Amino acid sequence: MNHKKTLFLIEVAIFAGLALALDMIPFLQFKIWAQGGSISLAMIPIFIVSFRWGLKGGLLSGFLWGILQIPLGGYVLVPLQGFIDYAVAFTVLGFAGVFAGKIKQAVKEGHSKAYFTYILMGVVLGSMLRFAAHFTAGIVFFSESLPDGWHNAWIYSLVYNASYMVPSMIICTAGIYFLFNKQPRSLLNAAA
Amino acid sequence: MNNMMIIGQYVPGNSIIHRLDPRTKITVIFFFVVFVFFANSFWSYALLTVFAAVSVIASRVPVRYIAKGLTPIWFLIVFTFLLHLIVTKEGQVAFEIFSWKIYTGGIAQGIAISMRFFLLIVVTSLLTLTTTPIEITDAIEEMLAPLKKVKFPVHELALMMSISLRFIPTLMQETDKISKAQASRGVDFRTGPLKERIKAVVPLLVPLFVSAFKRAEELAMAMEARGYQGGEGRSKLRELRIGKIDVLIYILFICVVAGLFLLRS
């Protein structure tokens, strides 16, 4: 076990913890739906890990964030919905990490426009995938619990999930923009 | 905020349910969640309700904690109930409101679906109310152990889960400290237009992230200095043990499931 691997495990774990913590701090968030789906900055740590450690780190920290919401009190109403909402939805945020290499390259060469574009693409990709997962879970849930012949499950799911995902995405994008504007190097360069 | 801050919903106690092995609780609750969907008659729901009620009483968790877990779901329960009432047209006409016919089938289905949500929430929140998050991650590690054979990094995953949980209070404290420090310099987090508020958060996030990197680095170093080698041959401070009550609970639960299938219509 080399130093880099241990550091990877710890950093990914601590940043998943940071995502959970940011979701719990009252003045940093704004809950619109009591049953989950709050607007907060919690996605930022996951994106940072994705950009630092690439796809693997991003997926892993997202997965941890999702899974740990269950013992901390998540809502599973239909088993498949629970699986998608917690195990899948947060994991796919890590796909932002596909741009990690390009971002690091651009930061190294000092192309600020290029790295902002890649960061933005990463954040949007991750958020869209997360939205797609919650949307699917919502359809599973509503079609399971609404009366037969009621075909509007996808509208409910779309409205409900977009209501917090769109503002969250905007807030996190803005937050990440300001962060990288200030400190691109200290956020990206993994130690060792 | 203090060091002993409890995250999640755990209510300390020493009831039978608290003392059960977390693996037993997770297994039983998992299958309960699955089998709730098989209930389709009055008596099958009644049986599951009795099981849930007995578990709640045995856990000695004050009812208000359970009610708190239900509050966010109320809206959903009422909404689906009303929808079933309005849309389902089975059975006989029970009564009319403003010339809209309410059918008995609709009432029955509405009650059944609401009951299912209610049972699911009560039983799953019983797990988080009586089990600490750390116990749950320990149990998950044990339960995933067979996956080690296919090279799935069970130990690493469990280690990361415990580290995440362990650091939540620390990180919240840190956030609190930094936000106070920045507020004393005049940063305003709570008011102003959205753009300004997000900008205000940056001087909070930068030190927070940098200190989190530093913590990670220090912890990794400390673990290696103490000879951390990964999962092979590591022992545990808290060993999980299946006791007599666990076996008893499994038997009881199997009886409940058997009863459920007998009472299905």
Study note, to complete from the structure: Rounded to the nearest 10 degrees, the helix B:104-130 long axis (Cα) sits at an angle to the longest Cα principal axis of chain B of 30
Review point. In chain A, which helices (entire DSSP H runs) extend 20 Å or more along their own long axis, judged by Cα positions, while averaging at least 0.5 on the Kyte-Doolittle scale?
Key: A:3-24, A:43-68, A:112-145, A:153-182
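What shape does chain B take by its C-alpha gyration tensor, where a ≥ b ≥ c are the square roots of the eigenvalues and a/c under 1.5 counts as rounded, a/b above b/c as prolate, and the rest as oblate? Mind dumping the intermediate values first?
Working: a/c = 2.69, a/b = 1.39, b/c = 1.93.
Oblate, since a/c reaches 1.5 and b/c is not below a/b.
Starting from the Cα gyration tensor of region B:145-220, take the square roots of the eigenvalues, sort them a ≥ b ≥ c, and report rounded, prolate or oblate (rounded when a/c is under 1.5, otherwise prolate if a/b is larger than b/c, else oblate).
On the way: a/c = 3.65, a/b = 2.69, b/c = 1.36.
Cα axes put region B:145-220 in the prolate bin.
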Check your understanding: When we measure straight from the Cα of B:K236, which lysines land under 19 angstrom away, once same-chain ones fewer than 8 places off are left out?
Key -> B:K148
Review point. Can you work out the base-10 log of I(q)/I(0) for region B:129-265 at q = 0.10, 0.12, 0.17, 0.18 1/Å, using the Debye formula on its C-alpha atoms alone?
Key: -0.62, -0.77, -1.05, -1.11
**Study point:** Sequence of B:T191, B:T128 once ranked by neighbouring C-beta atoms within 10 Å, starting from the fewest
**Key:** B:T191, B:T128
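To make sure I understand, if each residue's beta carbon is the centre and we count other beta carbons within 10 Å, what order do B:T104, A:T91 fall in, fewest to most? The partial results should precede the final answer.
Values: B:T104 14, A:T91 23.
Ascending number of Cβ neighbours within 10 Å: B:T104, A:T91.
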Practice item. Would you mind giving the mean number of other chain beta-carbons within 10 Å of the Cβ of each residue in B:217-227, as a whole number? Key: 4
Exercise for review: Hand me the tally of lysine pairs in region A:3-188: alpha carbons under 23 angstrom apart, and the pair either on different chains or 8 or more positions apart.
Suggested key: 16
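Taking the Cβ of each residue in A:L120, B:L126, A:L72 as the centre, tally the other Cβ atoms inside 10 Å and list the residues starting with the fewest. Walk me through the numbers on the way to the answer.
Numbers: A:L120 15, B:L126 23, A:L72 18.
Fewest-to-most ranking of A:L120, B:L126, A:L72: A:L120, A:L72, B:L126.
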Exercise for review: Determine ³J(HN,Hα), in whole Hz, for all residues of region B:25-42 in sequence, where each value follows from phi through the Karplus function 6.51 cos²θ - 1.76 cosθ + 1.60 and θ = phi - 60°; x replaces Gly and Pro.
Suggested key: 4, 5, 4, 4, 5, 4, 5, 4, 4, 5, 6, 4, 6, 8, 5, 9, 10, 3
Check your understanding: Averaged over peptide B:197-206, how many Cβ atoms belonging to another chain are found within 10 Å of each residue's Cβ?
Key -> 6
Review point. How large is the helix-only mean residue ellipticity at 222 nm for chain B, computed as the sum of -39500 (n - 2.57) over DSSP H runs with n ≥ 4, divided by its residue count, in deg cm²/dmol to the nearest 500?
Key: -24000 deg cm²/dmol
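In terms of the Cα gyration tensor, with a ≥ b ≥ c the square roots of its eigenvalues, is region A:3-188 rounded because a/c is under 1.5, prolate because a/b exceeds b/c, or oblate?
Working: a/c = 2.06, a/b = 1.76, b/c = 1.17.
Prolate.
Only the coordinates and a few stated rules stand behind these numbers; no lab work does. Here the structure is a predicted model, which means the values were calculated and not measured. Cβ: placed from backbone, ideal geometry, glycine included. Neighbour counts: every protein chain shown.
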